[in-house]
Structure formats: C-alpha cells, structure tokens
Amino acid sequence: MGESTNAYASTHPGGASQEAADAAISDDFELAGVPDSFQRLWTPYRMAYIKAGQDQVKDEESCPFCAGPTRSDEDSLIIHRGKTAYVILNLFPYNPGHLLICPYRHVPDYTDITAEETAEMAALAQKAMRVLRHVSRPTGFNLGMNQGVTGGAGIAAHLHQHVVPRWAGDGNFFPIIAETKAIPATLGDIRVDLAAGWAELD
C-alpha cells in the first residue's frame, strides 16, 4: 500500500494532503487471524442447502429423490433407471451435466445400503463418467458423497452420489463474487443429450 499511495501522492496534486487526512481518521486495527498459504474460495450460496435443504425433507413423501422415479424421465430429469438405483440431473448443478446417483430406497447413509446397491451405484457412476466423456468431453471429474448435515449434504435424508464433470477454466469469479453460476444449456436439453449418450454406450 505504501508504494501505491506514495506514487499517487507524488503524481497527483493534493495527494499528500489526502494521505494525511486518511491517516487522521484511520487506525491500525486488524481482524484476528494468522496469514497462511491457503487460498480460500468463499461460497455462501452453499448455506442454502445446509440450512433450508434439511427442513424440506421430513419423510419419504416429501423427498424429491423418492418422488423423482414416480414421474416421467423428462419431468424428473432422469437419465437412466437401474435395478436398485437411478441417475438424475442435479436441479442446482455446479457444472452442465452434474449428475446424481441415487438408490431408490430412502436411506441416509452409505453404510445403510446393501452390497447390491453399492455395486450398482459404483457401476452407474463409472457409466456416467463414460457417457459424459462421450457427450461433452470433460477433462476431469469430482465424485463424492456428502454425509449428514454437518458433512454438507443438501438433502441428508436420502443418500446420493455426485458426479460433476470439470473443464479447464470452469471455475471463475461468478459463483463466488456474484453468487451466479453460468450454465450454457437448459437442463432439458442436457438430459436429452445424456440419455441418448447413455443408450449409445449400452
């Protein structure tokens, strides 16, 4: 700050007097904390999932992951229906093609599913990656499950695994500064493309 302030003062009339005026009304107060090597990405929009998401689902009747398979694939944005689990587009995607792998059963924890459900969810996640590569050529993926409210699960009552396609440069200031995520296609169009891609790779 010293260099830029001095440069301004030396090249702009009144700069030095303005610096003195600023100093007269400021102090050396600093907020608590010790600088470290980490870069931090502030994502306050995630709090909506943590705070409100849990209250939305009180039982199976109010669970969107239970209701989804009772409607058409188009209405529910379902990509594929398996025997014990299904694949659906995330209504609030981080990136285009953000998929969720969900068991049909209304269970909250990864330890609650059977060996058959575990195997099918894993197979569907692998197939989802292949389909996304075939359709939209991502260069990477994030896969994961948020377990429990404190683990950041948006809907903790019904287990679901995220499959997020990634591209170089897909992270920018929009979600962090403007609380906005740019998705360059409609969810309906993405569903059609991915469902067709899924059928092609069967």
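For this structure, a couple of remarks:
- In this simple spin-label approximation, residue 134 and residue 74 carry label points 7 Å from Cα along the Cα→Cβ vector, and these lie 2.3 nm apart.
- Sulfur and carbon atoms: percent of accessible area, the range 57-100 [1.4 Å]: 55
- Surface per residue (accessible, 1.4 Å probe) for the range 62-173, Å²: 46
- Heavy-atom accessible area order for 130, 81, largest first, 1.4 Å probe: 130, 81
- Accessible surface comparison of 167, 198, probe 1.4 Å, protein chains only, largest first: the order is 167, 198.
The values are calculated or read from the model by the stated rules, or taken from the named source; none is laboratory data. Since the structure is predicted, the reported quantities are computational estimates derived from the model, not experimental observations. Note: ideal-geometry Cβ built from the backbone for every residue, glycine included; neighbour counts use all protein chains shown. Ligands, DNA and RNA are stripped out before the accessible areas are found, and what is left, the full protein with its side chains, is counted by its heavy atoms. Shrake-Rupley method; radii C 1.70, N 1.55, O 1.52, S 1.80 Å.
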